[in-house]
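Worksheet: one structure, shown below.
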């Protein structure tokens, strides 16, 4: 039998005192608790399924088999095309798993009540946490780094990607070309791994690329670059990665506690 989650577990995960958790659970208004602390405690309570009231039980039992996807505003036509490609891929994959997928516009900042969980695709850390502040259903970070152990993150194993690319080009130099992202943590991480990296903002950025060794992970860019360059194409989204994402969603919905929340595929 699984160990029962205690108020001490909630306090430890939220980084607050047991008394603070008690105050939040009991809706104490006579004590000064910041909104940030209150939201953090509520998120941990939701994650661990601690609160025994009907609202919390409903989160765990009233499954709709409906997921939402949210992404940052597209900065270019290329980015819009890649976002659409990702949505279509996930929609087809999830349909085979008996899930439906709805799209939340980039300006969506409300409480999403119709979905079981929200997939945040390639968003900034600030945007992710803002969405988390407004929702107490599970949030899953896909292809973005949010540096928060409360949330599942599924990212490409970029070190393995680097090794595969070096093998493909037999040790010759190459450039990693990918679309611009708002996730600064991801940018910093990539720049520490790949010595030559180019973020694409528009079609004009592609004109300088011809006859080069390129690593490409996005289908939109692959279709535009493959005929004029020596391209190593390793898709950043594939069925096995989507399977991992779905398992993380299931774990989050069932409040399954695991040691590793940042999954590299």
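Relative contact order of the chain, taken over Cα pairs closer than 8 Å and 6 or more residues apart, is 18 percent. Note on 107, 116: ascending count of other Cβ atoms within 10 Å places them as 107, 116, the fewest first. Counted by neighbouring Cβ atoms within 10 Å, the residues 69, 118 run from fewest to most as 69, 118.
Note on the stretch 158-188 and the stretch 74-96: Cα centroid distance 21 Å, given to the nearest whole angstrom. Here volume of the Cα convex hull per residue in Å³ was calculated from the structure, and among [x] 121; [y] 111; [z] 141 it sits at label [z]. The fewest-to-most ranking of 18, 244 by surrounding Cβ atoms within 10 Å reads 18, 244. Per-residue ellipticity at 222 nm, computed for the chain from helices alone with -39500 (n - 2.57) per DSSP H run of at least four residues, works out to -12500 deg cm²/dmol. Rounded if a/c is under 1.5, else prolate if a/b beats b/c, else oblate: with a ≥ b ≥ c from the C-alpha gyration tensor eigenvalues square-rooted, which is the stretch 158-233? Oblate. Restricting attention to the chain, close to 0% of DSSP beta bridges with both partner residues there are antiparallel.
No lab work stands behind these numbers, since they all come straight from the coordinates. The shown structure was predicted, so the numbers you read here are calculated from the model rather than taken from an experiment. As a convention, Cβ positions derive from the backbone with ideal geometry for all residues, glycine included, and neighbour counts pool all protein chains shown.
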